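Novice: One structure coming up, written as structure tokens, with questions to follow.
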Amino acid sequence: MKKFVYLLVLFFISCSNSLTGTEAYSFYEVGSYNTPGEAKAVYVSGEYAYVADGDSGLRIIDVSDPENPFEVGYYDTLGYFRDVFVDEDYASVLHSYGLFVINVSNPSHPEKVGYYKVQDVYFNTLFVSGSYAYLTGYGSYGFALYIVDISSPSHPYEAGRSDDYFYYCYDIYVSKGYCYSAGSMILKITDVSHYDNPEEVGEWDAPDEVYGVHVVDNYAFLATGEEGISIVDISDPRHPKGIGYCDVPGIAGSIFVKDDFAYLSIGGIGICIIDVKTLSEPKVLGYCDTPGYAQDVFVSGDYAYVADGEGGLRIIMIEE
């Protein structure tokens, strides 16, 4: 039955219409830029979108006119670029084998100023909060959480580590001294207020693989694979509890929450927009198809920016 509903939704998906009968919002693509690689992640700061573009490095795209985005600069080297965070003049960019710190004060000529790596460890997730970058990676011993001090961009160094961290970790989010890790059918909560001694304090069993996590105030919003979105009350990090759920077609990947709306990337479908004003009853507002395989979504102002795999960067207008 679920497969039938999935195919039916695919048939009717449109960027300009809601599937729920809600007429208050519409979502449609206004611009795009075809990056040379595979767009894995996107971060928007000011007039620029920074795209981690797989084996084509970091691409910097001017989005001051969302209808006519264009590339202004890039940084590339051997290896695969998976994620990116930007704080003022510096971009922290996750490479398969380490963390690059890149000066982007001149977007036309980004320059690597620092690099952190661990021998024989393959990194796959990144989150930056304040002066610290949080990475997860795996080697022969399994997964570990690495806390890297980037207060001196040219000399990043390991400030703390938690070994035997996970069977597999897909995404992390850090808020108010806690790291929320999305993984194999679980949300793991780690106290990272003491960087040199992170401590696991809580877990929440999810209905499916947890591919994405975004925290707002006392709530964690999860992209839970084939089970759509789950909302977890984390006001007591040691005893998290699920409070809301909404199914979507396809496999929910990354998630971004802004104001009263959650935006999910859903593989070959595109993005799904969900009203989360009532946390116990989130509701799908609509979908917007993309030509590639949606990997990541970032919302800034009235636009959603989608890292769309081989579809590059897609820019979607959110109109009330």
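Novice: Hey, could you check region 26-43 for residues that are in a strand (DSSP E or B) and not aliphatic (A, V, I, L, M) and say which is farthest from TYR293 (Cα to Cα)?
Specialist: Once the filter is applied, the top-ranked residue is SER26.
Novice: Would you confirm, using the coordinates I've provided, whether ILE269 is out of contact with any helix residue (DSSP H, G or I) (no Cβ under 8 Å at 6 or more places or on another chain) and either modelled with pLDDT under 95 or closer than 29 Å to GLY57 by Cα (or both)?
Specialist: The answer is no for ILE269.
Novice: Quick check on ILE251: is it under 22 Å from VAL63 (Cβ atoms) and touching a residue at least 40 places away in the same chain (Cβ under 8 Å)? Talk me through it step by step, then tell me what you get.
Specialist: Details: under 22 Å from VAL63 (Cβ atoms): no; touching a residue at least 40 places away in the same chain (Cβ under 8 Å): yes.
No: the conditions fail for ILE251.
Novice: Under 22 Å from the mean Cα position of the chain (by Cα), buried (at least 17 other Cβ atoms within 10 Å of the Cβ), assigned to a strand (DSSP E or B) and at pLDDT 95 or above: which single residue out of ALA182, ALA159, ALA220 fits that description?
Specialist: ALA220
Novice: Another question about this same structure. Being under 29 Å from THR35 (Cα atoms), touching a strand residue (DSSP E or B) at 6+ places or on another chain (Cβ under 9 Å), in contact (Cβ under 8 Å) with a residue 12 or more places away in the chain and not acidic (Asp, Glu) narrows it down to one of GLY244, GLY268, so name that one.
Specialist: After ruling out the rest, the residue left standing is GLY268.
Novice: Oh, and also: Among the residues of region 39-85, write down those that are buried (at least 23 other Cβ atoms within 10 Å of the Cβ) and in contact with a Leu (Cβ under 7 Å, 6 or more places away or on another chain).
Specialist: Correct list: ALA39, VAL42, ALA49, TYR50, VAL51, ALA52, ILE61, PHE81, ASP83, VAL84.
Novice: I need a count of the residues in region 185-211 that are under 20 Å from the mean Cα position of the chain (by Cα) and of a type in the set (D, E, K, R).
Specialist: Summing the residues that are under 20 Å from the mean Cα position of the chain (by Cα) and of a type in the set (D, E, K, R) in region 185-211 gives 3.
Novice: In region 176-190, what count of residues is obtained for those that are in contact (Cβ under 8 Å) with a residue 40 or more places away in the chain, over 15 Å from ASN218 (Cα atoms) and not polar (S, T, N, Q)?
Specialist: 1
Novice: From the list TYR75, TYR132, TYR138, pick out the single residue that is without any contact (Cβ under 8 Å) to a residue 60 or more places away in the chain, closer than 25 Å to TYR168 by Cβ and either in contact with a helix residue (DSSP H, G or I) (Cβ under 6 Å, 6 or more places away or on another chain) or of a type outside the set (A, V, I, L, M, F, W, C) (or both).
Specialist: So the residue among TYR75, TYR132, TYR138 that is without any contact (Cβ under 8 Å) to a residue 60 or more places away in the chain, closer than 25 Å to TYR168 by Cβ and either in contact with a helix residue (DSSP H, G or I) (Cβ under 6 Å, 6 or more places away or on another chain) or of a type outside the set (A, V, I, L, M, F, W, C) (or both) is TYR138.
Novice: Next question, about the same structure. I'd like to know if region 129-150 contains one or more residues that are assigned to a loop (DSSP other than H, G, I, E, B), touching a Gly at 6+ places or on another chain (Cβ under 8 Å) and surrounded by fewer than 16 Cβ atoms within 10 Å (Cβ to Cβ).
Specialist: There is no residue in region 129-150 that is assigned to a loop (DSSP other than H, G, I, E, B), touching a Gly at 6+ places or on another chain (Cβ under 8 Å) and surrounded by fewer than 16 Cβ atoms within 10 Å (Cβ to Cβ).
The values are calculated or read from the model by the stated rules, or taken from the named source; none is laboratory data. Here the structure is a predicted model, which is why all the values come from computation and not from measurement. Backbone-built Cβ (ideal geometry, glycine too); neighbour counts: all protein chains shown.
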